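Peer 1: Just passing along the structure, written as structure tokens.
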Amino acid sequence: MLKVVKNQSDVNEIEAIRQLLHTDLEAVNDLISTSLHSDVALINQLSHYIINSGGKRLRPMLVLLAANACRYQGDQHINLAAVIEFIHTATLLHDDVVDASQLRRGNMTANAVWGNEASVLVGDFLYSRAFEMMVRANDMRIMEIMSHTTNTIAEGEVLQLLNCHDADTTESRYMDVVSRKTARLFEASARIGAVLGGQSNEIESA
């Protein structure tokens, strides 16, 4: 079995970024926790399980970094960082069902514990809760970015399904899936920070 060893300097860099964003990250985690609440007990159990299962919060950190770099002074970067994490988590829930995965980050997947139906439906809950929270930003450009992003991610999921058992899949088709499923949410995270900071289209695209 191939063992991937993390570069220690990369680990140190991530830790340095966490320290830089310590206060904001604590606020994001608090908001995530309170925003997961539902009157439906299974939603609480399953969503808390997946959200607290050891994710690195890379995408929320990118929202915070971009907003700070663009000198944003409000608090919507906290809200939108949580939104990004909810959308990412929803994609993981759906991914694990499609892939019939049993493990993620060394833990049993939610679908292995609660079943496929519950995982898909709680994934849908996280998507809808994310859009409820997104409305608080009251910014049509952010809504536009996120609606296009979630649509692109869904397309990436379908493309991956089509490529799954196709021995003729090309590198180009593989990279298209990666771009839609993974890169697009990172892109959205950075764009949101620029929009919050009132930056130009040129800076947002950069």
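Peer 1: Counting only residues that are assigned to a helix (DSSP H, G or I) and without any contact (Cβ under 8 Å) to a residue 12 or more places away in the chain, how many does segment 122-139 have?
Peer 2: So the answer is 3.
Peer 1: For segment 33-57, give me each residue that is outside any helix (DSSP H, G or I) and more than 17 Å from the chain's Cα centre (by Cα).
Peer 2: Listed by number, the residues that qualify are 37, 38, 39, 40.
Peer 1: Is it the case that residue 160 is at negative phi, surrounded by 14 or more Cβ atoms within 10 Å (Cβ to Cβ) and outside any helix (DSSP H, G or I)?
Peer 2: no
Peer 1: Considering each residue of segment 36-63, count those that are among the hydrophobic types (A, V, I, L, M, F, W, C), at pLDDT below 90 and closer than 30 Å to residue 204 by Cα, and give that number.
Peer 2: 1
Peer 1: Taking the condition touching a Phe, Trp or Tyr at 6+ places or on another chain (Cβ under 9 Å) and more than 18 Å from residue 81 (Cβ to Cβ), does residue 163 pass?
Peer 2: The answer is yes for residue 163.
Peer 1: Additional query: Can you pull out every residue in segment 64-110 that is modelled with pLDDT of 95 or more, buried (at least 20 other Cβ atoms within 10 Å of the Cβ) and of a type in the set (D, E, K, R)?
Peer 2: Selection gives 85 alone.
Peer 1: Given the criteria touching an Asp or Glu at 6+ places or on another chain (Cβ under 6 Å), part of a helix (DSSP H, G or I) and polar (S, T, N, Q), does residue 111 qualify?
Peer 2: The answer is yes for residue 111.
Peer 1: Filter segment 35-63 down to the residues that are open to solvent by less than 40 Å² (accessible area, probe 1.4 Å) and either under 21 Å from residue 135 (Cβ atoms) or of a type in the set (Val, Ile, Thr) (or both) and list them by number.
Peer 2: Within segment 35-63, 35, 36, 38, 43, 47, 50, 51, 59, 60, 63 qualify.
Peer 1: Among the listed residues 90, 100, 81, 118, which satisfies the condition of being under 24 Å from residue 205 (Cβ atoms) and of a type in the set (Gly, Ala, Ser)?
Peer 2: Among 90, 100, 81, 118, only 81 is under 24 Å from residue 205 (Cβ atoms) and of a type in the set (Gly, Ala, Ser).
Peer 1: Looking at segment 125-141, can you tell me whether even one residue there is at pLDDT 95 or above, surrounded by fewer than 18 Cβ atoms within 10 Å (Cβ to Cβ) and small (Gly, Ala, Ser)?
Peer 2: Checked segment 125-141: at least one residue is at pLDDT 95 or above, surrounded by fewer than 18 Cβ atoms within 10 Å (Cβ to Cβ) and small (Gly, Ala, Ser).
Peer 1: Looking at segment 140-159, which of the residues that are touching a residue at least 24 places away in the same chain (Cβ under 8 Å) and of a type in the set (Ser, Thr, Tyr) is farthest from residue 130 (Cα to Cα)?
Peer 2: 152
Peer 1: Could you list, in sequence order, all residues of segment 179-206 that are open to solvent by 50 Å² or more (accessible area, probe 1.4 Å) and either among the basic types (Lys, Arg) or closer than 19 Å to residue 98 by Cα (or both)?
Peer 2: 179, 180, 182, 184
The values are calculated or read from the model by the stated rules, or taken from the named source; none is laboratory data. This one's a predicted model, so the numbers in the text were calculated from it and none came from an experiment. Every residue, glycine among them, receives a Cβ derived from its backbone with ideal geometry; neighbour counts consider all protein chains shown. Quick note on the areas: whole protein, heavy atoms, side chains included, nothing else; ligands and nucleic acids left out. Shrake-Rupley method; radii C 1.70, N 1.55, O 1.52, S 1.80 Å.
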